[in-house]
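Report on one structure; see the data block that follows.
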Amino acid sequence: MNLPANLKYTKDHEWVAIEGDVATIGITDFAQKELGDIVYVEVETLDQTLDRDEVFGTVEAVKTVSDLFLPLTGEIIEFNEELETEPELVNTDAYGAGWMIKVKISDMSEVDSLLSDAQYKELIGA
């Protein structure tokens, strides 16, 4: 199981990479394996400011559709447009080309509530 130590994680199986006040967000390797082949990623919240834990989009796999929850309050400033034509990037490169959104963080103190790689491993029993 691939869990980069430099990232933060959520109990909703998302990863967060923080650079300054911008967070790049995607779903974890564990999540994409659980979902199976991803066929569609929808994010209609671009340029909106959402609170932590609000739904920012959905990911659709062959057998299911799952909501995506925002791990940090902020404005969604970018969507990975590559996913419109290649949603399978989430399966093949969850922590790289398969990123989903970038968020300008409103409250940096929320970062402290995210999980470390060790805490996330414990959560998923890895």
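The values are calculated or read from the model by the stated rules, or taken from the named source; none is laboratory data. Everything quoted here is computed from the prediction, not taken from an experiment. Counting neighbours? That spans all protein chains shown, and the Cβs are built from the backbone with ideal geometry, glycine included. Just so you know, the surface numbers come from the protein's heavy atoms only, side chains and all, with ligands and any DNA or RNA stripped out. Shrake-Rupley method; radii C 1.70, N 1.55, O 1.52, S 1.80 Å.
See the values below:
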read-out	value
Inter-residue pairs, beta-carbon under 8 Å, first loosely packed, with under 15 Cβ neighbours inside 10 Å and in the stretch 115-126, second basic (K, R), 6+ apart	S116/K8; L123/K11
Residues located in the stretch 7-19, provided they are over 15 Å from N80 (Cβ atoms) and either touching a residue at least 40 places away in the same chain (Cβ under 8 Å) or touching a helix residue (DSSP H, G or I) at 6+ places or on another chain (Cβ under 8 Å) (or both)	L7, K8, Y9, T10, K11, D12, H13, I18
Members of the stretch 44-66 that are open to solvent by 80 Å² or more (accessible area, probe 1.4 Å), in contact (Cβ under 8 Å) with a residue 12 or more places away in the chain, touching a Ser or Thr at 6+ places or on another chain (Cβ under 6 Å) and not basic (K, R)	D51
Tally, over the stretch 32-81, of residues that are of a type in the set (D, E, K, R) and part of a loop (DSSP other than H, G, I, E, B)	9
Condition met for V22 (β-branched (V, I, T) and farther than 20 Å from E86 by Cβ)	yes
Number of the exception - I25 against (1) hydrophobic (A, V, I, L, M, F, W, C); (2) at pLDDT 95 or above; (3) farther than 19 Å from L123 by Cβ	(3)
